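Below you'll find the structure, written out as C-alpha cells, and then a few comments.
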Amino acid sequence: MTAASNIWSYQDHFDFRLNVGPDSPFHHPLEKHRGQYSRQKMLTAFHLDPQGRLRPGVQARDTEAVLFGGHVGCGKSTELRDYAQLFRQAYTVHHLELTKRLDIHNLRFSDLLIALAQALTTTFEDRTLSLRPDPVFLDPVLNWFETRILKQERFKDIEGEIKTEIKAQGGIPWLASLLATITTKIRGGASYREELRREIRDGFLQLLGHFNALIRHANLLLNHQGHGPLLFIIDGTDKLSKEDAQTFFHADVNQLGEIQTNLVVCAPISMLLEQSSVGQRFRRVQLPMVKIYEADESPRPQDEDALIELVLKRMPLTCFDDRETVRLLVRKSGGHVRDLLRLIRACFSLLDDEQITRAVAEQAVQEVAAEYRRLVQQSDWSDLVAIDRSHGEEKDRTESRLRLLYDLVLLEYNNYWWRSHPLVRELPPYVKALSSATAAQ
C-alpha cells in the first residue's frame, strides 16, 4: 500500500454523515437484499413503474401522502435519494433534508410548514421553469405574512433584515427572503422563537387555505409547461427525539395531512408500528434491515456479500487481513448499515498497523457492544432472549419493545420479525439470560 493510499486515507469514507446518493462513488444498491422489501409499493402510490415512468393510462398524483419509516441508520436517506431520482421523471421534486435546514432537536410543525413554503418559492424562482404566479393566488399568502408577522411589534427586526432591493421587487423574491429570515430566526433560537411559532400555528387554517391554493396554481402552471406536479420528500423527521416524535406524528399529523400536495415523510420505526391516526392519513412504506439472517438464525451469505461490497467501495480489501474479517463485522452489524460503518470506525480507533485484523475487529465489536448496554433495562434481557428463541414468532407490540426497536436493541427484518442486535448478544447480561432460559427447559 502506497503512502498516498495508506489505510488512514480511507477513514473519513466511513463517516455516516456523508450524503450517499445515486451519483456517489459509495452508492451500493441494497433494496434487493432486504428480504421481501420492494420499491413497488412506493412507486405504485405515485402511479409509477419500476423505472420511474408514469404507468400507461394514468396521470401523476397531486395529493398523496406516504410515511416512509425504518430504523435510524438503516439506509432510509440513501433510499429516499434514489426515490427522488426516480420521481423526477414524472414529478417536480423538492427533497428537504431537515437536518441541514432546521434544528432537528427542536422541531415543530410550524417550522416544517415554513420549509415547505420556502421550497415552493424556489419552484417559482427556477429560471428553467419560468413560472409566473398570478397575484390572485400569491397575494393572499404575502398578505398573511405581512399581517400576522411583519406588523407585529415583537417581530419588527425581521423586515429590517430583508434587503431594500428585494423589498422593492416584492412578490416571490420578497416572500423567499422573508421565509429564509424566519427560518434563520427559528433555527438560531431567537428570543421570540416560540411566539413566532405560536403566531404561525394560530393562523394555520387561514394560511393553509392560501398555501393550498398557491400549490394548486403552481401545479397548473407546471402542467401547462409539460412538467409534473409538486412532490415533497421530507427527510430527517425520523431523527426526532421520542417525545418530539410523539408530538409531531400524533398531535401535528392531522395538520400535515391537510396540506394538499404529494408528501413522502420519513419516520422512526416505532411510528409505523403504533396503531394511531398516522395510519389513517398516510400510506406506510417500511424499510427493513438488510436481511443477513433468516428467522431460524441461518445466515444469508449472498446478502452478507452485498454489505461486504459496500465496505469495499469505501476501502480496498488490502486494508483488511482477509475478507472474512469484513464478514465478521457485517454479521455483527446485524445488517444495519450505520452500525457497520460505526464498527469500522471503531477499528480505526484501535489500529496501530496498516491493516484491520480479526483481533482488531473483535475488539471493536466489544467496544461498540458496550455502548448498547445503557439502552437495555434489567427487565429487558429475558424478553430479548424470548424473542430470539421464538425465531420470529414473538411479535407482540408492547411499549418496552417499541422502545427497544427505537433504540436499535431490537432489529426488524422482512417479513417483519424481530431479532436482538448481534452486538447486544455479546453483552454478559444477555449471555446470562440465555443460559438461564436454556437451563429452564
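Only the coordinates and a few stated rules stand behind these numbers; no lab work does. Predicted model only: the values in this text are computed from it and were never measured. All Cβ positions, glycine included, derive from the backbone under ideal geometry; neighbour counts span all protein chains shown.
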From phi via Karplus (6.51, -1.76, 1.60), per-residue ³J(HN,Hα) for the range 429-435 in Hz, x at Gly/Pro: x, 5, 4, 5, 5, 5, 5
Entries of LYS32/LYS432; LYS167/LYS239; LYS313/LYS395; LYS291/LYS313 with Cα pairs more than 25 Å apart: LYS32/LYS432; LYS167/LYS239; LYS313/LYS395
Virtual paramagnetic centre 7 Å along Cα→Cβ of ASP15, amide N under 13 Å, in the range 339-358: none
C-alpha long axis of helix 323-333 to longest principal axis of the chain, angle in °: 60
Computed E for LYS167/GLU194 - FRET, C-beta separation, R0 25 angstrom, nearest 0.05: 0.40
Karplus (6.51, -1.76, 1.60) ³J(HN,Hα), θ = phi - 60°, over the range 124-133, in Hz, Gly and Pro reported as x: 6, 7, 5, 5, 6, 8, 6, 8, 10, x
Relative contact order (percent, whole number), the range 38-287, Cα cutoff 8 Å, 6+ residue spacing: 37
Packing rank of 403-412, 357-366, 154-163, where each peptide gets the mean count of other beta carbons within 10 Å, highest leading: 403-412, 357-366, 154-163
Net charge contributed by nearby residues that have their C-beta within less than 15 Å of ILE166 (K/R +1, D/E -1): -3
Zone of ARG397's modelled label, taken as backbone nitrogen in the range 25-48 under 20 Å from a point 7 Å along Cα→Cβ: 36-38, 41-42
Summed side-chain charge close to THR63 - residues other than THR63 whose Cβ falls under 15 Å, Lys, Arg +1, Asp, Glu -1: +1
For peptides 388-397, 173-182, sequence by mean Cβ density within 10 Å, most packed first: 173-182, 388-397
Under the Karplus curve 6.51 cos²θ - 1.76 cosθ + 1.60, θ = phi - 60°, whole-Hz ³J(HN,Hα) for the range 338-346, x wherever Gly or Pro sits: 5, 5, 5, 5, 5, 5, 5, 5, 5
Efficiency of FRET between GLN36 and ASP353 - r from beta-carbon atoms, R0 35 angstrom, step 0.05: 0.25
